[in-house]
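Here is the structure we will look at.
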Amino acid sequence: MYKRGQLTLLIILGLLVVSSVGLVYYYKDQIFLSEWERERTQSLLIPTEAEELHDQIGNCVSSLASAGITLLGQQGGYITLPEDPIGQGSQNPFSNSLEIFAASDFKTVYWFYQAANGVDHSQVPTISDMEYDLSQFMNNNLATCANDFDLFTRYNATAAEISTEVEILDDTVLFTVNYPVHIAQDDFTFDFDAFYVSQDVPLGSLYQAATEIMDTENEEFVFEDLSYDSLVLYPDQVPLSWAEFDCEQKSWDVTEVENNLKSILSENILAVKVRGTKYDVNTESDTNYFEWDLIESSVPEETSVNIFYSTNWPFSMQVYPTQGSTLQEDTLTGSPATAFLSGLFCLNTYSFIYDIKYPVLITLYDEDSDFRFQFASMVILDNNQARENTQGLLDLNPVETTICSDTQSELTVNVVEVAEDGSLVDLSGAEVSFQCINNLCPLGSTRSYDSVFAVPPCVNGQVIAEKEGYQDGMSIVTTTEDASTTVVLEKYYNLSYDIQIVDAEGNVRDPTSDDVLFVTLTEEETGYTTTLSYPYQGESVLLIPGTYTVDGKLISDVPFDISIDPSSYTKCTSVPQISLGGLFGLGDDTSCTDVEISEVDLQSVLTGGVEHSWDADRYELQDASHITFYVTSPGMPESAEDLEDVYTYIDSGLGYREPEFT
């Protein structure tokens, strides 16, 4: 039996345990919240007087976070697609990104592709790359979205520079947007320091699965194997290799074979299913052949993987031997015995060698969050064989800490701005970072004269300078030893704007409620891009001096339906062949596709536009406060034939007016 003292001790211990459990339960939200969640909760403690402005900015943060993640997922992990150093054209039809819908500019990046010169390239972004792109997207767009002039004026609010941190997790993306806003309204003052937003999308897990698919392709060449099987299994449509006794010599039209192969590949690739994801299996053959093990990690339960090739996408096929546009069989030759058999029994052998190149689009879709992550990869058969893996497997482990901390050289950075008289003057307070390969190393702020930073050794590293109110600047420098560089920042000029419409007679009018206008300006040297629209989404535009490509569209409601009757046409594309060494111009293939168009009733149509180059002069920008852009229109189309006239009118540049400063 317990003694009284022992029993009392046990009772006290029991009470302590129960109290501890109760306290943990009561404070569990605070105990188990992450630091980010605690900071987010603290940021929501807003006085009633400041709620309207806080909600306005918070809604913008949420909208931009969602838009940025959606765009990043659609473009293979990039907000801005990498530039193709060769440039897309007739001799480089594939480029380094896949245009999913023709003439739409809706593209996604190739994670693997072979350039027109035969060099293999990998464009797989890292998690750090994607986090940086999302943070820059927020930094570059939040002020425009949140700057409700009337609301800021009413609150007597001022805002400081925006700095965003992004963390991509398996099933969510966390945004910490440092956007200091100060309110001084009568005797009420308050400061917002940061806004916290989470987006419940499985970007991290879908990205991980995507890299595993790419690794499997680079190791096992599963798409190349399917492509070769498509050559073997359809001899009536795509001749490959066999022998037969037949005195009739056979031949095939190259274009017909190419179209057959494209259709076969399209159907077979669409049938591929990825184990561990959501899909339906229709037949036992689907299970035996079309179910592939491409990923090892787990993905959300409602995730599906779709793999697609469209016959409308670029396709390159070269086949040997040919005579002109015809595949011609080779008669069996060799020993006297085989020659005798060939002559006596008409023994013929067929052996064709194919070089094939085409893209596939791989889309991972999570139904619960309605989020998709997609990328493209190029499939290559060379002499009926899968391509060689020259890229290795993906190593996406973070190395930024190692590279950025391995500082061995001193880099002197002088950041300057262009003064009103065109001279260069020192600019202090610019944030400088150093990018080596895919690793971005923050260096700090500049003084009003040369600033010295410790940097890692790097060949052709990028020095990036940023300052609010200026277009980012960049210079290339090698830091295998001490070095110096100058970075030039161009000041933004903030102008109010409007968009006017010029008719065929040269008359100028305001847009109406039936009109929708878009004008996109792209500065050719820096790549700076901004888009204006009507109905107006903002009151001002930020411009820097330079030469801009001006691309405008006018879309109008028509008071009647324009009917386009069903039709069909044959579209043929000349695909240049590549000889040894990657030389072009030694013959071509013609790929023709029958395109069927169903009947379409149009209620809104393109009624005008502008495509031109324009020089924004520095001195005109300095003196101006307003700018007017013009879009030309030949008038309201009344038929499908009139629509063609609109496109011709825009292409001709008739009625073009340069933007005007006032």
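The values are calculated or read from the model by the stated rules, or taken from the named source; none is laboratory data. All figures in this text were calculated on a predicted structure; none of them were measured in a lab. Reconstructed Cβ throughout: ideal geometry from the backbone, glycine too, with neighbour counts over all protein chains shown. Quick note on the areas: whole protein, heavy atoms, side chains included, nothing else; ligands and nucleic acids left out. Shrake-Rupley method; radii C 1.70, N 1.55, O 1.52, S 1.80 Å.
General remarks:
- Scanning segment 471-487 for residues that are surrounded by fewer than 17 Cβ atoms within 10 Å (Cβ to Cβ) and in contact with an Asp or Glu (Cβ under 7 Å, 6 or more places away or on another chain) yields a single hit, Asp482.
- Given (1) open to solvent by 50 Å² or more (accessible area, probe 1.4 Å); (2) touching a Phe, Trp or Tyr at 6+ places or on another chain (Cβ under 9 Å), index of the condition Ser135 fails: (1)
- Top-ranked residue in segment 116-132 [being surrounded by fewer than 18 Cβ atoms within 10 Å (Cβ to Cβ) and out of contact with any Gly (no Cβ under 9 Å at 6 or more places or on another chain); ranked as farthest from Leu174 (Cα to Cα)]: Asp120
- Those strands (runs of 3 or more DSSP E) lying entirely in segment 146-214 with at least 2 residues open to solvent by less than 40 Å² (accessible area, probe 1.4 Å), under 29 Å from Phe375 (Cβ atoms) and touching a residue at least 24 places away in the same chain (Cβ under 8 Å): 163-168, 173-185, 188-199
- Test result for Leu142, under 30 Å from Ile213 (Cα atoms), touching a residue at least 60 places away in the same chain (Cβ under 8 Å) and either surrounded by fewer than 16 Cβ atoms within 10 Å (Cβ to Cβ) or among the aliphatic types (A, V, I, L, M) (or both): no
- Test: Ile544 is at pLDDT 85 or above, over 30 Å from Asn92 (Cα atoms) and β-branched (Val, Ile, Thr): yes
- Just so you know, in segment 81-115 the residues that are under 25 Å from Tyr647 (Cα atoms) and not in a loop (DSSP other than H, G, I, E, B) include one that is least open to solvent (accessible area, probe 1.4 Å), and it is Leu98.
- From Leu64, Leu45, residue being closer than 30 Å to Gln185 by Cα, modelled with pLDDT of 65 or more, within 39 Å of the chain's Cα centre (by Cα) and open to solvent by less than 70 Å² (accessible area, probe 1.4 Å): Leu64
- Options Glu417, Glu410, Glu481, Glu490; residue that is over 24 Å from Ser625 (Cβ atoms), in contact with a strand residue (DSSP E or B) (Cβ under 7 Å, 6 or more places away or on another chain), of a type in the set (Asp, Glu) and in a strand (DSSP E or B): Glu410
- Selection of segment 507-532 for residues being among the polar types (S, T, N, Q), touching a residue at least 24 places away in the same chain (Cβ under 8 Å) and part of a strand (DSSP E or B) yields Thr520, Thr522.
- Test: residue in segment 497-506 that is under 30 Å from Met474 (Cα atoms), touching a strand residue (DSSP E or B) at 6+ places or on another chain (Cβ under 8 Å) and at pLDDT below 85: no
- Filtering segment 649-662 to residues that are more than 30 Å from Ser540 (Cβ to Cβ) and open to solvent by less than 90 Å² (accessible area, probe 1.4 Å) leaves Tyr649, Ser652.
- When Pro82 is tested against the conditions (1) within 18 Å of Tyr207 (Cβ to Cβ); (2) free of Cβ contacts under 8 Å to residues at least 40 places away in the same chain, the lone failure is (2).
- Residue satisfying condition, being at pLDDT below 90, more than 28 Å from Ser297 (Cβ to Cβ) and either in contact with a Leu (Cβ under 8 Å, 6 or more places away or on another chain) or not hydrophobic (A, V, I, L, M, F, W, C) (or both), within set Asp120, Asp186: Asp186
- Selection of segment 427-453 for residues being assigned to a loop (DSSP other than H, G, I, E, B) and either of a type outside the set (Gly, Ala, Ser) or surrounded by 15 or more Cβ atoms within 10 Å (Cβ to Cβ) (or both) yields Leu427, Ala430, Ile437, Asn438, Thr446, Arg447, Tyr449, Asp450.
- Comparison of Leu72, Leu98 shows that the only residue that is at pLDDT 95 or above and within 11 Å of the chain's Cα centre (by Cα) is Leu72.
- The single residue among Met130, Met138 that is at pLDDT 90 or above and over 24 Å from Leu532 (Cβ atoms) turns out to be Met130.
- Note on segment 66-114: among residues that are polar (S, T, N, Q) and in contact with a Phe, Trp or Tyr (Cβ under 7 Å, 6 or more places away or on another chain), the one that is farthest from Pro314 (Cα to Cα) is Thr108.
- Any chance Tyr78 is touching a strand residue (DSSP E or B) at 6+ places or on another chain (Cβ under 7 Å), more than 25 Å from Asp366 (Cα to Cα), at pLDDT 90 or above and not in a helix (DSSP H, G or I): no
- Asp229 meets all of the listed conditions (1) open to solvent by 10 Å² or more (accessible area, probe 1.4 Å); (2) touching a residue at least 40 places away in the same chain (Cβ under 8 Å) but one, namely (2).
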